[in-house]
Each structure stands twice: as C-alpha cells, then as structure tokens.
Amino acid sequence: DQQVKQNSPSLSVQEGRISILNCDYTNSMFDYFLWYKKYPAEGPTFLISISSIKDKNEDGRFTVFLNKSAKHLSLHIVPSQPGDSAVYFCAATVPPGAGNNRKLIWGLGTSLAVNP
Amino acid sequence: GAVVSQHPSRVICKSGTSVKIECRSLDFQATTMFWYRQFPKKSLMLMATSNEGSKATYEQGVEKDKFLINHASLTLSTLTVTSAHPEDSSFYICSARPDRGSNQPQHFGDGTRLSIL
C-alpha cells in the first residue's frame, strides 16, 4: 500500500518556467513532509520541508504547498533551471512513538527534465 | 550543510563473499542512521534503522542475519551483506540524522553500487 504517491513519473519544462511536482498521501497521521532531489548514482539531497500545521514554506526558488484537506502537497520551482533536472522524491513521516524513529515514507519519485 | 560519507562507492565481487559498507557522519553526531536499498527505477526501500548503542530495527521482510548492521559510535554505522548472492546486487544508501525521533531531515551518503557476480 503506497501511502505517499507521486503519480507523475516524469515532467518536462522549459528553462525559466515553473515546475510543479505533485504528491498525494493517504495517512492522516503524517505531520511532516519533505522533498528530496536525487541525481543518478548519488544519494538524495534534502531540499525543503513543511510541517502539517503550515500550508506553505518557501526557500529561494523552491516553495512547498500543503493542502491537508485534500492530502496533497506540491513543490514549485521557479524559475526552473537545467541544473534542476533530477528525480524528486516526496517523503512523509509520523510523530515519533513506539520506536518508529520518524522513519521516512517515500514516494516513487518524479523525474524532472528542464530543457534549455 | 551536513555531510555523510559512504564507502566504498562501488563493489564488484563473487557470489558468497561478505561485503561491508561504511557510513560516516562527518560534521555531526548521528544518533540515528538508516540503511536503504534502491532497485532500478524504484523508490528508496528502508531496510533498517540503527540507533547508536542499541540493536538495529529491521523492516518487515529484511533478513537481519543477512544484513548485519552495527552502529558502535555516533559517527559510524556499518552494513555487512553476508554471503552475498546475485540477487543482493543493488544500490545501497545510508542516511544519518542528529537526533533520535526528531523531524530534522536525514542527510544521505552517495550510495554504494554492489554487483555480485
């Protein structure tokens, strides 16, 4: 059962335009969401996160929006740059308890290609 | 930013060999480290969580006798794939986090490509 879903396996945008990556989740207990970026043969790099008590978090070109009622979050990248081309993973976590160590529940990723 | 070093980056060895992968947090003390496995075109699959000084917690379906995890210090965790077979070939990635149970992001190593012939 995939608790975190990224329904678009790939996305292609033009340089300078906005990239919107979407993520849906099913577990209402998730209280923290993260986006990671991954290049081939490398480990993921943390990008941005958001707590479930907020609906928006912004860091430079990256903004994450959270719609709790729809169990949906999105990552906006604007303006998109060719160096943003990578696989983007959405991840979520539940509050610590029963030894879960706040492990991350991952989506399957969306491959973003930013064309010059 | 936080740096996690993983070594080796690539291993090619014969079936039946045991392989040890090291994960080090270079600029912070990692109370918790995670070990993941990634298959081609698939997401990261959490294998186990290790807390410094205690036994690792394995995810369902992961053989703890096959994948030995040691987290003896706050900066080093090791994963040993014992008697590796071709089906163990995969991309293994570790991550580290400063505080147990916190919502601080995990920081990842660059992974180890394991190929068993």
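The values are calculated or read from the model by the stated rules, or taken from the named source; none is laboratory data. Remember, predicted model here, so these are calculated numbers, not experimental data. Here the Cβ is made from the backbone with ideal geometry for all residues, glycine too, and neighbour counts use every protein chain on show. Quick note on the areas: whole protein, heavy atoms, side chains included, nothing else; ligands and nucleic acids left out. Shrake-Rupley method; radii C 1.70, N 1.55, O 1.52, S 1.80 Å.
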Spans of strands (runs of 3 or more DSSP E) in segment B:34-85 with at least 2 residues under 23 Å from A:Lys37 (Cβ atoms): B:44-51
Matching residues, segment A:35-88, being closer than 16 Å to A:Ile18 by Cα, of a type in the set (Ser, Thr, Tyr) and open to solvent by 30 Å² or more (accessible area, probe 1.4 Å): A:Ser85
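Taking the stated definitions as given, is A:Pro95 part of a loop (DSSP other than H, G, I, E, B) and either more than 30 Å from B:Glu52 (Cβ to Cβ) or without any contact (Cβ under 8 Å) to a residue 12 or more places away in the chain (or both)? Give the derivation first.
Working: part of a loop (DSSP other than H, G, I, E, B): yes; either more than 30 Å from B:Glu52 (Cβ to Cβ) or without any contact (Cβ under 8 Å) to a residue 12 or more places away in the chain (or both): no.
When the stated conditions are applied, A:Pro95 does not pass them.
Does segment A:62-113 hold any residues that are of a type in the set (Lys, Arg), more than 8 Å from chain B (Cβ to nearest Cβ) and at positive phi, and which are they? It would help to see each step written out before you state the result.
Step one: list which residues in segment A:62-113 are of a type in the set (Lys, Arg), which gives A:68, A:71, A:102-103.
Now drop any that are not more than 8 Å from chain B (Cβ to nearest Cβ), which leaves A:68, A:71.
Listed by number, the list holds a single entry, A:Lys71.
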Matching residues in segment A:103-116 - criterion: being open to solvent by 20 Å² or more (accessible area, probe 1.4 Å) and either outside any strand (DSSP E or B) or over 13 Å from A:Phe30 (Cβ atoms) (or both): A:Lys103, A:Leu108, A:Ser111, A:Ala113, A:Asn115, A:Pro116
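Here's a check for you: in segment B:1-17, which residue that is outside any strand (DSSP E or B) and open to solvent by less than 70 Å² (accessible area, probe 1.4 Å) is farthest from B:Asp88 (Cα to Cα)?
Residues of segment B:1-17 that are outside any strand (DSSP E or B), as a first pass: B:1-3, B:8-9, B:14-17.
Within this subset, residues satisfying the condition of being open to solvent by less than 70 Å² (accessible area, probe 1.4 Å) are B:2-3, B:8, B:15-17.
Details: B:Ala2: 29, B:Val3: 27, B:Pro8: 16, B:Ser15: 10, B:Gly16: 11, B:Thr17: 11 Å.
Going through the qualifying residues, I end up with B:Ala2.
When you scan segment A:3-19, how many residues do you find that are open to solvent by less than 70 Å² (accessible area, probe 1.4 Å), among the polar types (S, T, N, Q) and part of a loop (DSSP other than H, G, I, E, B)? If you could, list the steps in order and put the result at the bottom.
Within segment A:3-19, the first condition is being open to solvent by less than 70 Å² (accessible area, probe 1.4 Å), and the residues that meet it are A:3-4, A:6, A:8, A:11, A:13, A:16, A:19.
With the extra rule that they be among the polar types (S, T, N, Q), the set shrinks to A:3, A:6, A:8, A:19.
Retained after the next criterion (residues that are part of a loop (DSSP other than H, G, I, E, B)): A:3, A:6, A:8.
Final tally of qualifying residues: 3.
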